[in-house]
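A short write-up of the structure that comes next.
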Amino acid sequence: MELSFRTRVVMNIKKEIPLLEVVDLKKYFLPTKNILEMQVASVRAVDGISFTISKGETLGLVGESGCGKSTVAKTLLRLIEPTSGQVSFFGTNLFDLKNITMRNIRKEMQIIFQDPYSSVNPARSIGNILQEPFEIHNCRDKKENAEKALQLLERVGLTSEHFKKYPHELSGGQLQRVGIARAIALNPKFVVADEPVAALDVSIQAQIINLLLDLKEELDISYLFISHDMAVVEYFCDRVAVMYLGKIVEIASSEQIYKSPKHPYTLALLNAIPKLDSGKIKQRIPIKGDISSPASLQTGCAFQSRCPIKEKRCEEEIPNLQESAPNHHVACFFKQ
Amino acid sequence: MPLPELDIQNLKISFSTPKGKLTAVNRISFKLNKGETLALVGESGCGKTVSALSILRLLPEPPAEISSGKILLSGQNLLSLNAKDLRDIRGHSISMIFQDPMTALNPVLSIGEQMVETFLRHTDLKRKEALQKSVDLLSRVEIPSPKEKLKYYPHQLSGGMRQRVMIAMSLACSPRLLIADEPTTALDVLTQAQILELLESLKKENGMSILIITHDLGVVAEIAQRVLIMYAGEIVESGPARALLDNPLHPYTKGLIASVPKLGALKKLGARLDEISGNVPSLEQRPSGCSFHPRCTWAIEKCKTQKPQLREAEGQRQWSCHLEPGSL
């Protein structure tokens, strides 16, 4: 007899199998010939990354726009198909699953998007939006669904007043709460939060971060928290992975990353954040130029064109991610 | 006392809408001195962008209406100028850079074409000289191989490069005042740091004044000398940047500063960020009394009915709150 996914989850939790294990994940957007029959280079959006997330843990994924963070998120949930690699969720490889089984597993893994306005259907009421997850997952009792949707609204700090409203009648912060409510509707074990506060006002950001923290404790959710804001990530995450052009260049616990960053890129990111407090005169690391296009092929380290400590070796060899301190992995030949 | 570069007095801006006349900016006054960087801070909908656009008269009138006040540029009231005189000022004495450089640049014209336009409009330069000047400007904002870049179209440049082009264009006629509306919001942190440094060094070279509009207090700490905090169309606090950030007087300022996660602040297990509850009030539902009272932790009965006036505090600071400074 085949065991239900939930039963297997419970069994695997006891065996201490990590919640999520990503091995050598790649997503290339393959070359297509354009109308002029010119060969267009393939884009290595995600180029062989590996990490694990344990139960109850929050992993931060940091990097500039274009580094592939969102592609990782979408590939993990199989919203887009990977080029190669493996993603095991409680020991089950997601890429082997048929669509119908995958749909069942999506109950356990959800996503919150950056822009709350474009991630909900503008023509449906809030109540309607929140009932949809239940309808999709075979709860046909309308009254019960409506009740659950109401509870969700209250759980995320909204009221029954919002039930009949439409997305355009809500502010960005309120709508992001709806996005969160929808994500937690089916009690997922794992939630990907893709820049959940980047589009919100400062005073609202703190509210949403606090809400996500509360839910984590209450519902025992593990997060993959994607952000470009190092300060928010420090606040929210247990471990942090720094991405640059499709690769993880450094991964370690929050404390290690912020106290002793080893990759020059991590250091530059930390230094670039404008700081509120006076006193500290900071030493800026001069990082010139922009992130290069993932379509441009180059040999050696991807960061070499902007790196302040570049040497000959960096142009020829690609540095691998290596453990330089316990549980602190860095991909740099000349780490700090 | 020398005349301030920009002196805004009692400015009120309202919009005619189907719901009636709504006031976006309610009688604000501030001065920007020569060579100073002034930051206008607030959340979306507080009226900061509307105030900035009104300086260049870029608001569509109607529905917008500047119902009272004066905007003085070195003593000259911009509100009394006709359309032609205004065009002479735009891009010449005052120029502006916008949040999203992609929408601010014309996508179907090359960078060179767009840059030359400013010179041809405001100076007697010939096309060839203007092109040469454009190359100089592009290299001043540290764009590599500027001559080739003139032939590029906006979509061929990265966000940071586009913003540099915008800055280069705004500097074309050495303006006295640069208005920067969220110039780094759409950019990555590393690019943001580069752009802020660039603005700083250009200001030193040209001796221009900068009015920077932002919601990011980190940016304020980085480049501004003075700050204005806006809430619901009004200035609720103003003062020298350092003093204001270290010791905020208004509950809203205090809340804003507390709600920013600070790098390196020791994270306690289960710790929560200090948040300001509630939402930014919309234009049609401005609260009575002090507009911040529904979200204020310290609100007293008086705050619901009586609007607090701006008060002076030591060290050239102003704030509007019924409570005494020590009581927060």
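Overview of values
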| read-out | value |
| --- | --- |
| Helices (runs of 4 or more DSSP H) fully within the range A:234-334 counting 2 or more residues that are acidic (D, E) and modelled with pLDDT under 85 | A:312-316 |
| Matching entry among B:S14, B:S51 (being closer than 24 Å to B:N206 by Cβ, among the hydroxyl-bearing types (S, T, Y) and surrounded by 19 or more Cβ atoms within 10 Å (Cβ to Cβ)) | B:S51 |
| All positions within the range A:243-263 that are within 12 Å of chain B (Cβ to nearest Cβ) and of a type outside the set (D, E, K, R) | A:Y244, A:S253, A:S254, A:I257, A:Y258, A:P261 |
| Subset of the range A:176-232 [out of contact with any Leu (no Cβ under 7 Å at 6 or more places or on another chain), closer than 13 Å to A:L61 by Cα, crowded, with 23+ Cβ neighbours inside 10 Å and at the interface with chain B (Cβ under 9 Å from one of its Cβ atoms)] | A:V232 |
| Helices (runs of 4 or more DSSP H) wholly inside the range B:71-145 containing at least 1 residues that are within 23 Å of B:L199 (Cα to Cα) and free of Cβ contacts under 8 Å to residues at least 12 places away in the same chain | B:101-104, B:111-122, B:127-140 |
| Some residue of the range B:242-250 being over 17 Å from A:K275 (Cβ atoms), in contact (Cβ under 8 Å) with a residue 60 or more places away in the chain, in contact with a Leu (Cβ under 9 Å, 6 or more places away or on another chain) and more than 12 Å from every other protein chain (Cβ to nearest Cβ) | yes |
| Check on B:I229, crowded, with 23+ Cβ neighbours inside 10 Å and either touching a residue at least 12 places away in the same chain (Cβ under 8 Å) or within 13 Å of another protein chain (Cβ to nearest Cβ) (or both) | yes |
| Selection within the range B:308-328 - part of a loop (DSSP other than H, G, I, E, B) and touching a strand residue (DSSP E or B) at 6+ places or on another chain (Cβ under 9 Å) | B:P308, B:L310, B:G315, B:Q316, B:S320, B:C321 |
| Residue list for the range A:147-161, filter: surrounded by fewer than 20 Cβ atoms within 10 Å (Cβ to Cβ) and in a helix (DSSP H, G or I) | A:E147, A:K148, A:L150, A:Q151, A:E154, A:R155, A:S160, A:E161 |
| Pick from the range B:181-200, criterion among the charged types (D, E, K, R) and assigned to a helix (DSSP H, G or I), ranking: nearest to the other protein chains (Cβ to nearest Cβ) | B:E197 |
| Odd one out for A:T58 among (1) assigned by TED's automatic domain parsing to the domain that holds A:L212; (2) at pLDDT below 85; (3) touching a strand residue (DSSP E or B) at 6+ places or on another chain (Cβ under 8 Å) | (2) |
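The values are calculated or read from the model by the stated rules, or taken from the named source; none is laboratory data. The shown structure was predicted, so the numbers you read here are calculated from the model rather than taken from an experiment. In this analysis, Cβ positions are derived from the backbone assuming ideal geometry, glycine residues included, and neighbour counts consider all displayed protein chains.
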